[in-house]
Amino acid sequence: MGITRICILGGGTAGWMTAAALSNKYSSLGFEITLIESDAIGTVGVGEATLPHIRMFNQALGIDEAEFMRATRATFKLGIEFCDWGRLGDRYIHPFGDYGAPVDGIEFHHFWLRLLQNGHTSELDDFSYPVLAAEAGKFRMPGPDVSRIGSNFGYAYQFDSGRYAKFLRGYAESRGVTRMEGRVVEATRDQQSGGIASVTLDDGRSASADLFIDCSGFRGVLIEGELGTGYEDWSRWLPCDRAQAVPCEARGPSLPYTRATAREAGWQWRIPLQHRTGNGYVYWSEYISDDDATQQLMSTLEGPATADPKQLYFKTGKRRKLWNRNVVAVGLSGGFLEPLESTSIYLIQEGITALIELFPTSADMERDAAEYNRRMDLGFDRVRDFLLLHYVATQRDDSPMWRYFREMELPDSLSEKIEAWKSRGYVQRYEHGVFLPPSWIAVMAGQGLIPQGRDRRVDARPMADVIQMTDSIAKQSHAAVASTPDHGEFLKRYGAVDPSIMDAAE
Ligand SMILES: Cc1cc2nc3c(=O)[nH]c(=O)nc-3n(C[C@H](O)[C@H](O)[C@H](O)COP(=O)(O)OP(=O)(O)OC[C@H]3O[C@@H](n4cnc5c(N)ncnc54)[C@H](O)[C@@H]3O)c2cc1C
C-alpha cells in the first residue's frame, strides 16, 4: 500500500475538483496531497455549463447546495436549447429528463411514434416536464418519486467555474491539501519504472510523489511534455478549432437553460448566470477569420460586454493514454471535445471517479492504468459520437462547413445508432458512459430524424387508448409546469446572491 504521496499539477477546475475529491477520501488515511499552480500562467477561464452528474460530485463531498449556488453565482439548468441545427429557423430543447413514462415496459416514445405514423400531429415536447418548464422560464426541484410525470427529470447548474475552483480550494485546503505556487519547469524520472519521481519549480523548490495527476490544461506538462504520450486527433470529425468567449450584462429574466445556436462556421453559446451572461463562439478557422468571428459574437450579445473577448485555440481529441506510467491526465490535459453538450467538467468527474475506484496499491500501475484507459476511452468515444450527431442529423447545406459534414464518413458506432433509430426508433442503452436514450431521442427527433418504424408491441393497444393515454400525460406535464415557480423567484429563495453585495468587478 505504498502509494500515499499525490502531486496534482494545476489549479483550474480539474485540479481543484481532483484535490477536493481525493482529500475527501484519503486525507484521513494519512495521504499527502500537494497541488501546484501558477498564478502567472492562470487558468483557461471558461466552462460554465454542466451536466446533472455534478450534483452527485458535490453531494459526495457533502457540499451544501445553497452555499455552493451563492459562492459560484449559479443558476439552475434544465437542458440546452438548440437553435438552427436541424434547419435554419428550427429550435428544440435537449432536456435532462424522460419523455412521458414507460407503459407496459415499453419506452414512451414508441407510443408517440405510433401517433405520428398514423397521421396524428403530436409534439414530443408536450410529454417532457423539463422542456415545458424551461420554455416557461420556470424551475423547481424534482419530487422524491422520480418516475412520476413532473418529477422524472434531473437538473444541472450554470456557474462561474473560476469561483467553483476557489470554492473547492477552500474545501481541499481545509482537509490538508498543501498548495504550492509557482511554475513547474522540470521533472526527474524514476530510473527503474520510468515514471516521474519529482517536479521542480522555477524558484528551485521541488515536490516528490508516487502518483502525479496532470491537470495542467491544454499544455499537458507531464503527460505530454514529459512523457510524450501522444494525442489522438479527432478534428476530422469535430473540426472546430477555435473559440472566443466574452461575458455580458444579463438582460431579461434568468433562464434555466443554456442556448447553443448553430452558425455557418460553428456555433455560439449563451449561458445565463446570476450576475452576468456567458457567451462564446466555437468555430472552424478554415471557414471564418478571427475578426469575423469576433464581429459576429459581439453583434449578437444581449447586453453590453463586460470584458474583452478571450481567444482560445484547441484541437479536438484525446491523449493516447490518459493514464501513462504514474501520471493520470484529468481535464484539458487529457483531451478536449467542444463544449456543445457541456461535457468537459463531466469528463473530469468521470476521470476522478475512475481514479478513486482504481487507485493504485503499488508502484506497478500497469493493470490499473489499462482499465482506467479503457473506461475513459469509452467515455470520450461516446461524447464524441453524441456531439457529432448534432452536426450530421441536419438538412443544412448552406455553407462549406455544413456541406463538409454531409460528406463525412461517420464512426461505425454512430452510424449504427442513427440507423437503429431511423428504422425502428431504437436507442441502445449504454451500461457505462453518458447520455441515456432520452438525450439521443431529443437530438434526433429535435433535428428532424423521425423513425419509419416503431416497437411493434405498442400496436397491441387500441388506437383510442393510445390517444387517451398520451393526452393524459401531456395534460399532467402542462399541469405540473403551471404550478411551478419562475426560475428567478426560485433562485431568490434558494441560493441567489443579493446583487447589491456582489463585488463591483463581477
Ligand atoms: C471555449 C471553451 C468553452 C468551454 N465551456 C465549457 C462548458 O460550458 N462546460 C464544461 O463542462 N466545460 C467547458 N469547457 C472546458 C472547461 O473549461 C475545462 O474542462 C475546465 O476549465 C478544466 O480546465 P483545466 O483545469 O483542465 O485547465 P486550466 O483551467 O487551463 O488549468 C490549468 C492549470 O494548470 C496550471 N499550470 C499549467 N502549466 C503549469 C506549470 N508549468 N506549472 C504550474 N502550473 C501550471 C495553470 O496555472 C492552471 O492552474 C470549455 C472549454 C473551452 C476551451
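The values are calculated or read from the model by the stated rules, or taken from the named source; none is laboratory data. Quick caveat, the model's predicted, so the values are computed rather than measured. Methodologically, a virtual Cβ is constructed for each residue, glycine included, from the backbone with ideal geometry; neighbour enumeration extends over all protein chains shown.
Report yes if Leu312 is closer than 21 Å to Arg219 by Cα, out of contact with any Ser or Thr (no Cβ under 9 Å at 6 or more places or on another chain) and either within 14 Å of the ligand (Cβ to nearest atom) or modelled with pLDDT of 95 or more (or both), otherwise no.
Spelling it out, Leu312 is indeed closer than 21 Å to Arg219 by Cα, out of contact with any Ser or Thr (no Cβ under 9 Å at 6 or more places or on another chain) and either within 14 Å of the ligand (Cβ to nearest atom) or modelled with pLDDT of 95 or more (or both).
Return the residues of the range 146-172 that are within 15 Å of the ligand (Cβ to nearest atom), of a type in the set (D, E, K, R) and surrounded by fewer than 22 Cβ atoms within 10 Å (Cβ to Cβ); say none if nothing qualifies.
Arg163, Lys166, Arg169 - these are the residues of the range 146-172 that are within 15 Å of the ligand (Cβ to nearest atom), of a type in the set (D, E, K, R) and surrounded by fewer than 22 Cβ atoms within 10 Å (Cβ to Cβ).
Does Ser235 satisfy the criteria of being at pLDDT below 95, in contact with a Ser or Thr (Cβ under 6 Å, 6 or more places away or on another chain) and away from the ligand (no atom under 14 Å from the Cβ)?
no
Does the range 369-383 hold any residues that are away from the ligand (no atom under 16 Å from the Cβ) and either free of Cβ contacts under 8 Å to residues at least 12 places away in the same chain or over 17 Å from Arg320 (Cβ atoms) (or both), and which are they?
Ala370, Arg374, listed by residue number.
Let's see how each residue does on (1) part of a strand (DSSP E or B); (2) of a type in the set (D, E, K, R); (3) free of Cβ contacts under 8 Å to residues at least 24 places away in the same chain:
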residue	(1), (2), (3)
Gly150	no, no, no
Gly162	no, no, no
Phe167	no, no, no
Gly170	no, no, yes
Arg175	no, yes, no
Val185	yes, no, yes
Thr188	yes, no, yes
Gln191	no, no, yes
Gly194	no, no, no
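Quick check on my filter: what residues within the range 1-58 are under 30 Å from Asn152 (Cβ atoms) and near the ligand (Cβ under 6 Å from one of its atoms)?
Thr13, Gly47, Glu48, Ala49, Thr50 - these are the residues of the range 1-58 that are under 30 Å from Asn152 (Cβ atoms) and near the ligand (Cβ under 6 Å from one of its atoms).
Which residue out of Thr277, Thr353, Thr306 is of a type outside the set (Asp, Glu) and surrounded by 23 or more Cβ atoms within 10 Å (Cβ to Cβ)?
Residue meeting the stated conditions: Thr277.
Restricting to the range 225-238, name every residue that is buried (at least 21 other Cβ atoms within 10 Å of the Cβ) and among the charged types (D, E, K, R).
Of everything in the range 225-238, just one residue is buried (at least 21 other Cβ atoms within 10 Å of the Cβ) and among the charged types (D, E, K, R), namely Glu226.
Looking at the range 65-113, which of the residues that are charged (D, E, K, R) and under 30 Å from Arg403 (Cβ atoms) is surrounded by the most Cβ atoms within 10 Å (Cβ to Cβ)?
Glu81
Considering every residue within the range 23-31, establish whether at least one is within 24 Å of the chain's Cα centre (by Cα) and of a type in the set (Gly, Ala, Ser).
yes
Between residues in the range 46-71 that are among the β-branched types (Val, Ile, Thr) and residues that are assigned to a helix (DSSP H, G or I) and more than 9 Å from the ligand (Cβ to nearest atom), which pairs lie under 7 Å by C-beta distance while being six or more apart or on different chains?
Sorted first by the residue in the range 46-71, then by its partner, the pairs are Ile54/Gln349.
Can you name every residue in the range 239-290 that is within 21 Å of the chain's Cα centre (by Cα), away from the ligand (no atom under 13 Å from the Cβ) and hydrophobic (A, V, I, L, M, F, W, C)?
Residues satisfying the conditions are Leu255, Ala262, Trp284.
Of the residues in the range 444-486, how many are part of a helix (DSSP H, G or I), within 26 Å of Gly143 (Cα to Cα) and not acidic (Asp, Glu)?
Number satisfying all stated conditions: 14.
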